[in-house]
Amino acid sequence: MKFIIGIGGVTNGGKTTLTNRLLKALPNCCVVHQDDFFKKPDQIEVGEDGFRQWDVITALDMEAMVNTVKGWQENPVKFARSHGVSLSPEVEEAGSVEKGIHILIVEGFLIYNYKPLIDVYDKCFYISIPYEECKRRRSTRTYTVPDPPGLFDGHVWPMYLKHRKEMEDNSYVDGMTSKEDIYNKVYETINNSLLNSL
């Protein structure tokens with residue numbers, strides 16, 4: 001059985017932290033991080049606000065991301081092996097997709113804003129945190145391309161609010177609860193979904 005989980009949400013909301021925990025706990029689990037598909041800085045447009053438009057879908061090579069997800073869909077065993085993911089003994093012995101559960105986590109801030117990806121998810125989660133906490137967390141992070149002054153208020157947060165409206169149908173997760181509570185809630189929901197799918 002193949003099962004695709006979407007973990008989306010605001011920048012610095014805890015998506016990667018949750019994803020990394022789930023990767024360790026779920027069997028035959030792979031991940032596609034949307035951040036791996038950013039275009040090169042010189043390919044990112046400068047908007048009317050004067051900032052490079054990192055927080056829009058055109059800043060990402062979404063075609064490559066979709067092709068990566070399709071590669072997993074076609075052969076999750078081969079995908080896992082090529083990405084150094086350990087498979088369960090039953091899957092290793094069979095060497096087949098028909099045996100066991102195969103899980104893909106698609107993680108990113110705009111994973112629900114690109115039509116070709118919308119229908120691939122079996123379960124969706126959306127992590128949200130308030131403005132003040134998001135700004136505080138973002139200020140503690142170091143990025144390859146540093147945030148220029150005013151980027152958060154002038155571009156990042158307004159783009160988040162715009163894109164959030166497109167994600168109304170997803171399961172919201174309160175990013176202000178403890179990491180442990182977030183993990184437990186999401187893990188339990190995934191397990192229940194997997195059991196109901198068998």
How large is the helix-only mean residue ellipticity at 222 nm for the chain, computed as the sum of -39500 (n - 2.57) over DSSP H runs with n ≥ 4, divided by its residue count, in deg cm²/dmol to the nearest 500?
-> -11500 deg cm²/dmol
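Between beta-carbons, use under 11 Å as the cut-off and find the net charge around residue 53, counting Lys and Arg +1, Asp and Glu -1.
-2
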At 10 °C and 1.306 mPa s, grab the translational diffusion coefficient of region 118-198 from Stokes-Einstein with a Kirkwood Rh over Cα pairs, rounded to a whole number in µm² per second.
-> 106
Give me the number: length gained by fully extending residue 38 to residue 120, i.e. 0.36 nm times residue separation minus the C-alpha to C-alpha distance, one decimal in nm.
-> 27.4 nm
About the Cα centre of the chain, what is the dipole size in debye to 20, counting +1 per Lys and Arg Cβ and -1 per Asp and Glu Cβ, all else neutral?
-> 300
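Could you check how many percent of all C-alpha pairs in region 1-63 are farther apart than 16 Å?
The share of Cα pairs beyond 16 Å in region 1-63 comes to 57 percent.
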Of all the accessible heavy-atom surface of region 1-144, with the other protein chains kept in place and a 1.4 Å probe, what percent is carbon and sulfur?
-> 47
Share of pairwise Cα separations in the chain, more than 28 Å, in percent | 28
Determine the per residue accessible area of the chain with all protein chains present and a 1.4 angstrom probe, expressed in square angstrom.
-> 54
Using alpha carbon centroids, what distance separates region 9-35 and region 100-119, in Å?
-> 11
Under a GNM of the chain (C-alpha, springs under 10 Å), which listed residue has the highest mean-square fluctuation: 130, 76, 149?
-> 149
With springs only between Cα atoms under 10 Å apart, run a GNM on the chain and tell me which of 177, 140, 16 wobbles the most.
-> 140
Pick from 33, 102, 83: which residue has the top mean-square fluctuation in a GNM of the chain where Cα pairs under 10 Å get a spring?
-> 83
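The values are calculated or read from the model by the stated rules, or taken from the named source; none is laboratory data. Here the structure is a predicted model, which means the values were calculated and not measured. Glycine gets a Cβ as well: all are built from the backbone with ideal geometry, and neighbour counts include every protein chain shown. When the accessible area is computed, the model is the full protein with side chains, heavy atoms only, and any ligands, DNA or RNA have been set aside. Shrake-Rupley method; radii C 1.70, N 1.55, O 1.52, S 1.80 Å.
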